[in-house]
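What follows draws every value from the coordinates through simple rules; no lab data is involved. Here the structure is a predicted model, which is why all the values come from computation and not from measurement. Note that each Cβ is placed from the backbone with ideal geometry, even for glycine, and that neighbours are counted across all protein chains shown.
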Amino acid sequence: MSLEEQIVKLAKAAVKALYGVEAEDSQIQLQKTRPEFEGNITLVVFPFVKLARKAPAQVATEIGEWLMANGEGLIAKYNAVQGFLNLVIGDAFWIQQLEAIDAEANYGQQPDRKQLMMVEYSSPNTNKPLHLGHVRNNLLGYSIAKIQEANGWKVVKTNIVNDRGIHICKSMLAWLKFGNGETPETSGKKGDHLIGDYYVRFDKEYKAQIAELMAGGMDEETAKKEAPLMKEAQEMLRKWEANDPEVRGLWAKMNEWVYAGFDETYKRMGVSFDKIYYESKTYLEGKSEVEKGLSSGQFYRREDGSVWADLTADGLDEKLLLRSDGTSVYMTQDIGTAKLRFQDYPIDKMVYVVGNEQEYHFKVLSILLDRLGFPFGKELVHFSYGMVELPNGKMKSREGTVVDADDLMDKMIADAKEISKDKVNTLQGITEDETNEIARKVGLGALKYFILKVDPRKNMLFNPAESIDFNGNTGPFIQYTYARIQSVLRKSNSPKDGQTAERSNSVSGQTGEAGLDPKELALIQRLCEYPGVVRNAGENFSPAVICNYAYDLACDFNSFYHDLSILNEQDATKRALRLLLAKNVAKVLQSAMSLLGIEMPERM
């Protein structure tokens, strides 16, 4: 039974005994004690003042005295401030809580909800490699999935690969015209990087054609439409949708290069998927549903042959669903993908992890799916997150000015190795491979934590130098705290003075004559908060909640470690308590960081 549940039970008994009234659970109002007062939890007594017909302070005092006399040691002392009863919880309770935490292997994990949530993230285009924006998307999506699993959901992690469309044709056309048969093997480049180079090349040549047409007297808008490269790309798209074997063959070959590159990046980033959908296989389902909606009068066709949805009755505008040449748009594909997903899985909640620039898109998708008769239409969740910004402005993949995900991970790991060189070199017997593995965990941990600690709904400025500091609110700081604890625990099991110092998992409710030190108590209370933190992060889809908690727990431990001796403590009971505390701080830190997809090095 939690502390809150015990207080509620006792408070109801007190009100019954003192005033002869059966109090409802809703009348028992608890809150955290304000820092200027002594206490761990505060009972608001105003709901009982009218019943008692006494002043608030007197009611608080009477209830406090009853709890002290009948609480079986749970309440160590109290203070009444007007209608607020501040309760100090006895050390024995906190020791019991610590031992209960230690006994629970999956502490913080919520009961099985027997419900399924699908989380979609990544959604790359096969015309370019993953960049910094994709990094934030993937890290958020993977962490949200892990957090929801910890909250009892069965989670299916899914990806929709945008492997068709005009942007794909641009890369294909540029490779045909300028590639001279180049492959990942002949170039020594990852496939996604190679194709991305040709996407940039298309844009460069396309702009040159526009400039040439404008120099001949054509206005810019007309020049963009009449540029030969764009016309060829549009024709290639029409051939693709008509299943032209030559175009389809080139498309399949180049996509395989990209998929191999993506897989390598995903593995290195530490994210994964349970099911991958491809737009090339879902867009026809979407077109079929749009045609059904057209037949039933849900949509309408314009004179040029394009198909539209009128959403003005919903406070929106009109939405294009099929172009005049019959080709589909993203919305068409998303309708088809949603249909297939709900055929494949008994989904209770569908979550799309997509940037906030797509908020309108998902409002429209929800309305359209509902209109088409899909019962899940109104239940879609768009997890909208802010963009990652750079000191020199936004990224533009057409111009090749993106921060590449692979290059970024390389830099983070290299920086981690350089910064931690002096620390790692102090470890005895460490090999070069072990040094590299520590640098990998620290570098990627720095990247992940820096991105996930920001409120996901806000835009953020990415600063690699700040992210890898060992002393600030960073991943490496928390990893170093964990490694420090592991060092202490290893030493506690090493022979000392001819004896073996054993770690005890029980402190038998003993704290010594002085009771718990405030630093010990603060750590136990922080550990007790973890299940609530996991629930909060799940309800709000916020990895930042986990980050903040892990940082606060690490800070509390370092303050405790600075002020109190562990291994050199002469009182055996206190030593056992502090080792048990350290062990469970490490356990909870590792659990919290795993929800962020961050690995914890045993030594640093």
Here the FRET efficiency for Asp455 versus Glu357, based on Cβ atoms and R0 = 22 Å and rounded to 0.05, is 0.80
Which residue, chosen from Asn463, Ala439, Phe477, occupies the Cα position most advanced towards the positive end of the dipole of the stretch 429-477, where the dipole is computed from +1 (Lys, Arg) and -1 (Asp, Glu) charges on Cβ about the Cα centre? Asn463
Rounded to the angstrom and largest first, Cα extents along the principal axes for the stretch 89-164 equal 63, 29, 19
Counting DSSP beta bridges with both partners in the chain, what percentage is antiparallel, nearest 5? 55
Amide N proximity, the stretch 267-287 versus Ala252 label position 7 Å along Cα-to-Cβ, cut-off under 17 Å: 278-282
Compare the Cα positions of Gly179, Ala80, Asn40 along the charge dipole of the stretch 40-186 (+1 at Cβ of Lys, Arg; -1 at Cβ of Asp, Glu; about the Cα centre) and return the one farthest towards the positive end. Gly179
Relative packing of peptides 245-258, 168-181 - highest average C-beta neighbours within 10 Å first: 168-181, 245-258
Nearest 0.05, what FRET efficiency do Glu22 and Lys349 give at R0 = 25 Å with Cβ-Cβ as r? 0.05
Computed E for Asn243/Glu529 - FRET, C-beta separation, R0 56 angstrom, nearest 0.05: 0.45
Please give the peptides 282-288, 270-276, 373-379 ranked by average Cβ packing (other Cβ atoms within 10 Å per residue), highest first, as a rough proxy for protection. 282-288, 270-276, 373-379
Rounded to the nearest 20 debye, what is the charge dipole size of the chain about its Cα centre when +1 sits on each Lys and Arg Cβ and -1 on each Asp and Glu Cβ? 460
Relative contact order for the chain: what is it in percent, counting Cα pairs under 8 Å that are at least 6 residues apart? 14
Can you give me the angle between helix 245-269 and the longest principal axis of the chain, using Cα atoms only, in degrees from 0 to 90, rounded to the nearest 10? 20
Add +1 for every Lys or Arg and -1 for every Asp or Glu among the other residues with Cβ under 10 Å from the Cβ of Thr126, and state the total. -2
Where a Cα-Cα gap under 25 Å defines reach, which lysines qualify for Lys363, not counting those fewer than 8 residues away within the same chain? Lys157, Lys275, Lys281, Lys287, Lys292, Lys319, Lys339, Lys349, Lys378, Lys458
In degrees between 0 and 90, to the nearest 10, how far off the longest principal axis of the chain does helix 91-103 point, with axes built from Cα atoms? 40
Label selected from [x] 1.00; [y] 1.07; [z] 1.05, the criterion being Rg/Rh (Cα atoms, Kirkwood Rh) as computed here: [y]
Compute the orientation-averaged projected area for the stretch 158-309 from the convex hull of its Cα atoms and round it to one decimal in nm². 12.2
Per-residue [θ]222 nm for the chain (sum of -39500 (n - 2.57) over DSSP H runs n ≥ 4, rounded to 500): -18000 deg cm²/dmol
How many nm is it between the label spots at Leu316 and Gln109, if each spot is 7 Å from the Cα in line with the beta carbon? 4.0
Contour excess over end-to-end distance, with Cα ends at Lys275 and Lys177 and 0.36 nm allotted per residue: 31.8 nm
Among 330-337, 220-227, 310-317, how do they line up by average Cβ neighbours within 10 Å per residue, starting with the highest? 330-337, 220-227, 310-317
Starting from the Cα of Ala211, step 7 Å along the direction of its Cβ; do the same at Arg371; then give the gap between the two resulting points in nm. 4.4
Relative to the longest principal Cα axis of the chain, at what angle does helix 56-70 sit, 0 to 90 degrees, rounded to 10? 70
